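Presented below is the structure to which this report refers.
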Amino acid sequence: MSIATQLPSSSSPGRQRTRRVNAYAIVSLILGLLWLFGLASVLAVVFGCISLGEIPKRRERGRGIAIAGILLGLAGVVVAVIGTLWLRAQVAGLSGM
């Protein structure tokens, strides 16, 4: 099953041409939603950036999906960093007692 949309082709009026959604953009969005302890978030940003470079070259769709994956990935990285710092502070506070 592929995600595609039908666009009219300029070469023949009866035929339809499909434009696929970039696979890296979809992977970026899924990883951005998962937030697996920061690792998936970093991969979401990486795949999102790769897809933004590929989309114009391959004439694919999915720019918005890639941006959403990048933003979710960045949010996940921020949450992971803050969580790690908070946890370290808690451990340091317990060991100082």
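Would you mention how many residues in the stretch 29-62 are of a type in the set (Lys, Arg) and in contact (Cβ under 8 Å) with a residue 40 or more places away in the chain?
Of the stretch 29-62, the ones of a type in the set (Lys, Arg) are 57-59, 61.
Subset that is in contact (Cβ under 8 Å) with a residue 40 or more places away in the chain: 59, 61.
The total comes to 2.
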Of the residues in the stretch 64-83 that are in contact (Cβ under 8 Å) with a residue 12 or more places away in the chain and over 10 Å from the mean Cα position of the chain (by Cα), the one that is surrounded by the most Cβ atoms within 10 Å (Cβ to Cβ) is 76
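No lab work stands behind these numbers, since they all come straight from the coordinates. This structure is a prediction, so every number in the text was calculated from the model and none was measured. Note that each Cβ is placed from the backbone with ideal geometry, even for glycine, and that neighbours are counted across all protein chains shown.
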